[in-house]
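*Asks:* Mind looking over this structure? Questions follow.
Computed from the coordinates by the stated procedures, all read-outs in this text should not be read as laboratory data. Here the structure is a predicted model, which means the values were calculated and not measured. So basically every Cβ, Gly included, is an ideal-geometry build from the backbone, and we count neighbours across all protein chains shown.
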Amino acid sequence: MNNSSNILVIDDEQVIINAVIKICSLENYSVDAALNVKTAIEKISKNYYPIIICDIMMPDGDGFQILDELHRTNRNSAVIMMTGYSTVENAVSSLYKGSVDFIPKPFTVDELLSSVSRATNYQQIKDKQKQLLKNKYNCEILYVTCPAKYLRLGYSSWIFQEREGSVIFGVCDLFIKTIESIQEIEYLDADTEIAQGICCASFKCGNDRIHKVLSPVSGRIVEMNEKIKSNPSIIEKDPYFEGWIYRIIPANIDYEIKNLIPCSSDRL
Amino acid sequence: MFKKIGFRLIFAVALTSLIIIGVFAYFNVKSQSDSLISEVERHANQLGETVVSSTRFDMMLNQRDRIQQTINSIGTQPQIRDVRLINKFGEIIYSSDSTNINKMVDKRAESCYACHSEDKPLEQISITERTRIFRVHPDSNRVIGIITPIYNGKSCWQAECHAHPKDQKVLGVLDVSISLAEVDKAVAIREWEIVIFALVAIIALGLLIAFFVRRWISNPVNDLLDATKQVSAGNLSYAIKEHGNDEIGKLGESFNNMTKKLSDARMQLFQSDKMASLGRLAAGVAHEINNPLTGVLTYSSFLLKRTKDNPEFQEDLKVIVRETLRSREIVKSLLDFARQSVPKKNNADINEIIDKAIAVIDNQLSINKVKIVKHTESNLPDLFVDANQMQQVFINLFVNASDAMEKNGGTITIKSQRISVSPYGSTQIKKATCSKRHSLMDNEFKIDGLPSLKVKIISDSKESLIHLDPVYGKHRNSFNLDFKNNRGTKFVCPECSISLVQQDKVCPKCSAPVLVFEIEGQGTYEVCSSENSDWEKWDFVDSAGLKEYIEVRISDTGYGINRDDLSKIFEPFFSTKGQKGNGLGLAVIWGIIDNHNGSINVESEVGKGTTFIIRLPLAQQR
């Protein structure tokens, strides 16, 4: 919709900054850059950037400092973390601390653009929500929050622990609202091992954009929802019940649960 | 020379045999000499009797010439020295030595003493009392003298000649002396024989013992000595070749066993160090490559987007993007290997994990005609492990095993059991404090991937930190080399500067001060402060005794791995599968097991199969 939003990219490598600028200019975003945490914090205090793309590890600090700074100054920028594969765990905990997404380095043009577009949409929804709250409207018209007893990874995917020890996994309504209509879903096979924070399904949407869904837990996929295979629109209609995607036997849920946000907190 | 066992043994045996032969010879020679002398004695006595009875008639007829003739003829016999006839007054009446005739014999002379000791002639005396052995000169031969008394008889006092009074009992004595030269010679020869026999026996015995000592003791002991020298010089592949089934043979066998174990342990340690550094290297490389790779991938995919109308570029750019994505996958698996992250551990049953792993690849295995045989010990206690990672380990091992058997199929045997191993060299210190309860763990400075123990040292008003190995028994301590460790050096807690030196105690190996740490709930840990000493002590762990592990053995009936490859299989990028594998599977497995404080070993025989042995600590680490 509105592609004139400002983006701040923070990375200690000029080549990556240049790449991000080039890619974002394809979609007419204007991009500002910072080579280290210090300049980044200076820039954040002076300007408002709806989207911040930030490397987790930098010579003078890490991406968590940016998140802390945003939280401290009460600015609700959407932060996308960039990280090498080695620090996926850090990235997952950054989702708990308030970043909206992360993309593993190295990434392709499409991967970055789909993430940025989701962040833009997310930001717009949140802005609208703010407006509505100010006017004392009920915010639930914008998206359906996930049910209590569910746990979510960032704002994108949820899990529900079943009594048998398995978990079912799906995507949040807010995530669906940030993407275009789903046309095709690419699955992983049953029996595949997945790790927390690793892509486990791709939604091919209108506009040829592919959105990747991150797994909220590590474990083994035991079953997938056959219904959504034939009819992906179920996910959009009932993302929390009928539209589940996988049933997973979790491997380390006790450990990984600390990176997941309990959905009951959303209703407070 | 006398320090050699062989010589001591020979000396002891020679001494013993000398004593035995000596005692034996003494009694032997003595009894022989006694019997010879008694033989001579009997002979002399008989001779005396014979002379007396043969001259009796002549005496009665008082034919003195004939008596003298008889005595002379007897006296000429070679061994007879002297034959004398002495009357009751002590006068020599007849003698084979004519110069002695008519001489008086002193009653107190040796030859008379036996009878005349009481100053009166005795009537009946035994043969031994009538016998005497003497030397005429101190250097002449021994002589045996025997006296035969001539008793008064009826015919004597009735004879016409110089008739003897009737009341006289002994009329005179015949004294026969026989030389003992022959006897002495025989005894001397016998003595010499025995000395020679003893010498020969001792020499023969000595040689025999020397031979057997050399064969049974010296040679094997020297072999052992050589072997220990070789091993201490670092040649751990040295093995003692021949060993019998005696104690020394068994010692040699257990020595070989020990060196084998030692070399295994060293390999493991070496491997561990190598893997750790390779891991760091891989992580570093992967991380560094990530950024330039991002540049390549973003720019190429950017160009791909921009040149949609130009199919010629599209093809080439697609290749660049595809290959860069492939590089991304390689970096990803490299980081999988290098991942130093702490495993997410939970209590889990190892047999269950194995079952799950089997379930995952059951299909694949049955297609490859691979049979799985399980010998799992039931009721094994739960392990504190990352079940997911462990499952990955087993799946990888099963896939490898199945690949090693290829089309022909085969059997994978899985064994799990509980074992006990010594704790020294395998226990990690996780929480060390000073006496004021300040933590001394340093997460910034890691030794082999584990947080080290930090100690502040103050010397000559300079301050520095030293780091100690947290693994009990491994001594990979890091000392600041600029710092000279001397008498005035203080070792203190970095936070409160309280001394960490143990009072009234020095290192038993080098007498340097001993540092003491309190281990939460696990007693105290003591370690020598000198970088040159490897002394350390942790009573709590020592007293806990053996550490328990669960051992899982996975054997296949595949090709096996040849010796050269065996040491490399855990290295990253080492693969025998050619294009099929990236060579990271076993390296990742190694990393996972290492992160669980466990160990993985491999045994293999080409053509027969391979066995992987995984050990995971049982006691939950606090």
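*Asks:* Give me the mean projected area, in nm² to one decimal, of the convex hull enclosing the Cα positions of chain A.
*Replies:* The directionally averaged projection comes out at 13.9 nm².
*Asks:* At a 10 Å Cβ-Cβ cut-off, how would you order B:E312, B:E463, fewest neighbours first?
*Replies:* Listing B:E312, B:E463 from fewest to most nearby Cβ atoms yields B:E312, B:E463.
*Asks:* Work out the mean other chain Cβ neighbour count within 10 Å for the residues of A:249-262 and drop it here as an integer.
*Replies:* 3
*Asks:* Then there is this: Among B:I361, B:T610, B:S54, whose Cα sits farthest toward the positive end of the charge dipole of chain B (+1 at Cβ of Lys/Arg, -1 at Cβ of Asp/Glu, about the Cα centre)?
*Replies:* B:I361
*Asks:* Counting other Cβ atoms within 10 Å of each Cβ, which trypsin sites (Lys or Arg not before Pro) in the range B:392-453 have at most 14 and sit in a DSSP loop?
*Replies:* B:K430, B:K436, B:R437
*Asks:* Now for a separate question. As an exercise, identify the GluC sites (Glu not before Pro) in the range B:497-599 lying in DSSP coil whose Cβ has no more than 13 other Cβ atoms within 10 Å.
*Replies:* Sites meeting the loop and neighbour criteria: B:E520.
*Asks:* Let me ask something else about it. Taking only Cα atoms, what is the 0 to 90° angle, nearest 10, from helix A:63-72's long axis to the longest principal axis of chain A?
*Replies:* In chain A, helix A:63-72 runs at an angle near 80 degrees to the longest axis.
*Asks:* At 7 Å along the Cα-to-beta-carbon direction for both A:E180 and B:I419, put a label point, then send me their distance in nm to one decimal.
*Replies:* 6.1
*Asks:* What percentages make up the Cα-Cα pair-distance distribution of the range A:48-191 when the bins are 10 Å wide from 0?
*Replies:* 10, 35, 38, 15, 2
*Asks:* Further, regarding this structure: Which GluC sites (Glu not before Pro) from the range B:13-59 combine a DSSP loop assignment with at most 10 other Cβ atoms within 10 Å?
*Replies:* none
*Asks:* Take the Cβ-Cβ distance between B:F89 and B:K30 as r, set R0 to 35 Å, and report the resulting FRET efficiency rounded to the nearest 0.05.
*Replies:* 0.30
*Asks:* Could you work out how much longer the chain between B:T128 and B:L566 gets when fully extended? Use 0.36 nm per residue separation minus the Cα distance between them, nm to one decimal.
*Replies:* 148.1 nm
*Asks:* Still on this structure: Compute the length gained on full extension between B:K318 and B:S38: take 0.36 nm times their separation in residues and subtract their Cα-Cα distance, giving the result in nm to one decimal.
*Replies:* 87.9 nm
*Asks:* Here is a follow-up. Which values of log₁₀ I(q)/I(0), to two decimal places, follow from the Debye formula for the range A:151-267 at q = 0.10, 0.20 Å⁻¹ with a uniform point scatterer at every Cα?
*Replies:* -0.26, -1.09
*Asks:* So for the range B:247-338, Kirkwood radius off the Cα pairs, Stokes-Einstein at 4 °C and 1.567 mPa s: how many µm² s⁻¹?
*Replies:* 76
*Asks:* What is the dipole size for the range A:12-90, taken about its Cα centre, with +1 at each Lys and Arg Cβ and -1 at each Asp and Glu Cβ, in debye to the nearest 20?
*Replies:* The dipole of the range A:12-90 has a size of about 300 debye.
*Asks:* Something else about it: Would you give the gap between the C-alpha center of the range B:154-230 and the C-alpha center of the range B:49-106, rounded to a whole Å?
*Replies:* The two parts, judged by their Cα centres, are 36 Å apart.
*Asks:* A further question on this structure: Give me B:C496, A:C200, B:C156 sorted ascending by neighbouring Cβ count inside 10 Å, so fewest comes first.
*Replies:* Fewest to most other Cβ atoms nearby, the residues stand as B:C496, B:C156, A:C200.
*Asks:* Taking every residue in B:382-390, how many Cβ atoms of other protein chains lie within 10 Å of its Cβ, on average?
*Replies:* 3
*Asks:* Please report, to two decimal places, log10 I(q)/I(0) for chain B at q = 0.05, 0.06, 0.11 Å⁻¹ as given by the Debye formula with identical point scatterers on the Cα atoms and no solvent.
*Replies:* -0.53, -0.60, -1.16
*Asks:* Which FRET efficiency value, to the nearest 0.05, do you get for B:D106 and B:R190 by plugging their Cβ-Cβ distance into 1/(1 + (r/R0)^6) with R0 = 30 Å?
*Replies:* 0.25
*Asks:* Let me test this: with uniform point scatterers at the alpha carbons of the protein assembly as shown, what is the Debye-based log₁₀ I(q)/I(0) at q = 0.10 1/Å?
*Replies:* Those come out to -1.23, one per q.
*Asks:* I'd like to know which of B:S378, B:Y472, A:I257 lies farthest towards the positive end of the charge dipole of the protein assembly as shown, counting +1 on Cβ of Lys and Arg and -1 on Cβ of Asp and Glu.
*Replies:* Result: B:Y472, furthest along the dipole toward the positive end.
*Asks:* Can you give the longest run of chain A that contains no trypsin sites (Lys or Arg not before Pro) sitting in a DSSP loop with at most 13 other Cβ atoms inside 10 Å?
*Replies:* Here the longest segment lacking exposed loop sites spans A:1-135.
*Asks:* Taking just the C-alpha trace of the range A:35-87, give me its Rg and Dmax in Å.
*Replies:* In Å, with Rg to one decimal and Dmax whole: 10.6, 33.
*Asks:* Let me know the charge dipole size of the range B:427-543 about its Cα centre in debye, to the nearest 20, where only the beta-carbon of Lys, Arg (+1) and Asp, Glu (-1) is charged.
*Replies:* 160
*Asks:* Where does chain B land at 222 nm, in deg cm²/dmol rounded to the nearest 500, when only DSSP H runs of n ≥ 4 count, each adding -39500 (n - 2.57), divided by all residues?
*Replies:* Counting only the DSSP helices, I get -15000 deg cm²/dmol.
*Asks:* Return the distance in nm (one decimal) between the two label points of a simple spin-label model at B:E329 and A:Q161, each offset 7 Å from Cα along Cα→Cβ.
*Replies:* Result for the modelled spin labels: 3.6 nm.
*Asks:* Can you compute the helix-only [θ] at 222 nm over chain A? Use -39500 (n - 2.57) per DSSP H run of at least 4 residues, normalise by all residues, nearest 500 deg cm²/dmol.
*Replies:* -9500 deg cm²/dmol
*Asks:* Set the Förster radius R0 to 30 Å, insert the Cβ-Cβ distance between B:E242 and B:V373 as r into 1/(1 + (r/R0)^6), and round the FRET efficiency to 0.05.
*Replies:* Approximately 0.20, to the nearest 0.05.
*Asks:* Which lysines have a Cα less than 19 Å from the Cα of B:K30, not counting those fewer than 8 places away in the same chain?
*Replies:* Partners found: B:K185.
*Asks:* Roughly how big is chain B's charge dipole about its Cα centre, with Cβ charges of +1 (Lys, Arg) and -1 (Asp, Glu), in debye to the nearest 20?
*Replies:* Roughly 820 debye for chain B.
*Asks:* Sticking with this one: Please report the spacing between the Cα centers of the range B:240-267 and the range A:13-56 in Å, no decimals.
*Replies:* For the range B:240-267 versus the range A:13-56, the Cα centre distance is 67 Å.
*Asks:* Hey, rough spin-label estimate for A:E236 and B:K166, points 7 angstrom out along Cα→Cβ, what's it come to in nanometres?
*Replies:* Computed distance between label sites A:E236 and B:K166 equals 17.8 nm.
*Asks:* Along the range A:218-228, what does the Karplus equation 6.51 cos²θ - 1.76 cosθ + 1.60 (θ = phi - 60°) give for ³J(HN,Hα), rounded to whole Hz, x for Gly and Pro?
*Replies:* Result, rounded to whole Hz: 8, x, 10, 6, 9, 7, 10, 6, 5, 5, 6.
*Asks:* Right, next: Compute the angle between helix B:64-75 and the longest alpha-carbon principal axis of chain B, please, reported from 0 to 90 degrees and rounded to the nearest 10.
*Replies:* Roughly 20 degrees between the two axes.
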